[in-house]
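Read the structure below first, then the notes.
The values are calculated or read from the model by the stated rules, or taken from the named source; none is laboratory data. As the structure is a computational prediction, the values presented were derived from the model and not from experiment. Neighbour counts run over all protein chains shown; Cβ positions are idealised from the backbone, glycine included.
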Amino acid sequence: MIFLSRYFLPFLFIFGFHVFASAQLQYFKLLPDRKNETVQFSNYDNLIVTEFVINDTLPVRLMLDSGVEGVIITDKAVSLRLKDIWLRDFKISAPGSSRELDASITKRVKLGFEPLQPIFTNMVLLKDDYFSLDQYMGTRVHGLIGMENFKDLMVTISYDRNTLRFERPEAFKIKNKTQIIPVVITRGKPYIPVRIALDNVHIKDLWLLIDSGANHPLLLENDSLDGFVPGESLNAVIGKGLAGVIPGSFARVGWLMLGNFRLDDIVTSFTDEYMPGNFFNRQKRHGTLGAGALARFVVTFDYTNSRILLRKGQKFKQPFEYNMSGLNFRSFGAGFNIFEVSEVISGSPGDEAGIKPGDILMSVDEKYTFMLNMGELNNLLSDRPGKTVKLGITRNGKRMNFKIKLRRLI
């Protein structure tokens, strides 16, 4: 969840795969005697993880991602378990590199998702664990599933309640104070027109991919902004791709209009490295609208009628915040509760205190980290500006103690 003073993880799980649409026998549907179904999901910094079963025997945890096509298995161990149904090998492109990833397409498999009817679909299997989703989300995740797999249903996401509600389009009732916004569905992915004030002078109409699988509020690609450069920005790692981390900068833009809803002072990622040189290949989009913005709403995806519906959520008025400690982490261990410093932002409170990449965080304010998950840790380190936080660190087997004073970096 987003709190008043938290930051958005910079490791955005954003995949720009360019593959053929997987041939599907059907899409998920409600059982004939059911009018609707509601499913609880696990929320990791506004990324949605749910439980599926492959061929009635192999349980997997997949992230619901409107920014990808089909079903993509990113976990090498799961890919190897499915080796006997590989159909053929091919290569796909991904953010952060001009290189390509080795992948396979499977024969059709049965994919179950309670309480809906199962589907029969091909899946894309990555040959190696290029992205290490587990480490940066702090939980076991085996892959991604595109929103298009639910295209025959109205899919309503409540980030406040952590629920997915599925309804038939003909039975769906639009609630009061709902904004209806047309989208264009291209290769299973929704694109939306928005108006953005980049600063007090530059107001632009932009074309964004709606990407529920990226936890930033807004990402803009520099090569599509006609030379615009934000006046004040913070250079940092904004994502993770095939080649490793994706460099860029964070800045605040004035406002963004979604229908008649206005979001102000948005922490925005700017980059040259998302898919460099591919402005036309990426559907001429200017960037992506991520879960950090979507989570301020109750969001309904309606692929049947090419639209999304938005209602204000409980967090609509909360300010957008970014990392106040300057420390980013990856997690290890069976419970993903061993936290290693992966990056220290230059000039940040963590940097000034002398904390270094590779340090292992043992405690926060004398609370041992094995009792925390990644989201709880990030909340503690972005509680409020001016708060002093005590950190217990292990470096090369030696225990060290630090104090940092949290502050806004942008």
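Values for this structure:
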item: Odd one out for LEU372 among (1) at pLDDT 90 or above; (2) touching a helix residue (DSSP H, G or I) at 6+ places or on another chain (Cβ under 9 Å); result: (1)
item: Among residues of the range 362-407, those that are part of a helix (DSSP H, G or I) and surrounded by 14 or more Cβ atoms within 10 Å (Cβ to Cβ), counted; result: 8
item: Selection from the range 165-191 of residues that are more than 21 Å from the chain's Cα centre (by Cα) and in a loop (DSSP other than H, G, I, E, B); result: ARG168, PHE172, LYS173, ILE174, LYS175, ASN176, LYS177, THR178
item: Residue list for the range 84-122, restricted to those being closer than 28 Å to ILE238 by Cα, of a type in the set (A, V, I, L, M) and at pLDDT 85 or above; result: ALA103
item: Scope the range 102-117; condition touching a strand residue (DSSP E or B) at 6+ places or on another chain (Cβ under 6 Å), assigned to a loop (DSSP other than H, G, I, E, B) and touching a residue at least 24 places away in the same chain (Cβ under 8 Å); matching residues; result: ARG108, PHE113, PRO115
item: Enumeration of residues in the range 49-59 that are surrounded by fewer than 21 Cβ atoms within 10 Å (Cβ to Cβ) and in a strand (DSSP E or B); result: VAL49, THR50, GLU51, PHE52, VAL53, LEU58, PRO59
item: Residue in the range 293-314 that is in a helix (DSSP H, G or I) and either within 29 Å of GLU221 (Cβ to Cβ) or of a type outside the set (Gly, Ala, Ser) (or both) present; result: yes
item: Selected residue (criterion: farthest from HIS286 (Cα to Cα)) from residues of the range 192-210 that are hydrophobic (A, V, I, L, M, F, W, C) and either outside the structural domain of HIS286 (by TED's automatic domain parsing) or not in a strand (DSSP E or B) (or both); result: VAL201
item: Which listed residue is buried (at least 21 other Cβ atoms within 10 Å of the Cβ), closer than 17 Å to PHE301 by Cα and not hydrophobic (A, V, I, L, M, F, W, C), from PRO190, PRO182; result: PRO190
item: Selection from the range 177-204 of residues that are of a type outside the set (Gly, Ala, Ser) and under 20 Å from ASP265 (Cβ atoms); result: VAL194, ARG195, ILE196, LEU198, ASP199, ASN200, VAL201, HIS202, ILE203, LYS204
item: Candidates SER331, SER346, SER306, SER342 - the one that is within 20 Å of the chain's Cα centre (by Cα), surrounded by fewer than 21 Cβ atoms within 10 Å (Cβ to Cβ) and either small (Gly, Ala, Ser) or assigned by TED's automatic domain parsing to the domain that holds ASN378 (or both); result: SER342
item: Residue list for the range 177-192, filter: under 20 Å from ASN260 (Cα atoms) and either at pLDDT below 95 or among the charged types (D, E, K, R) (or both); result: LYS177
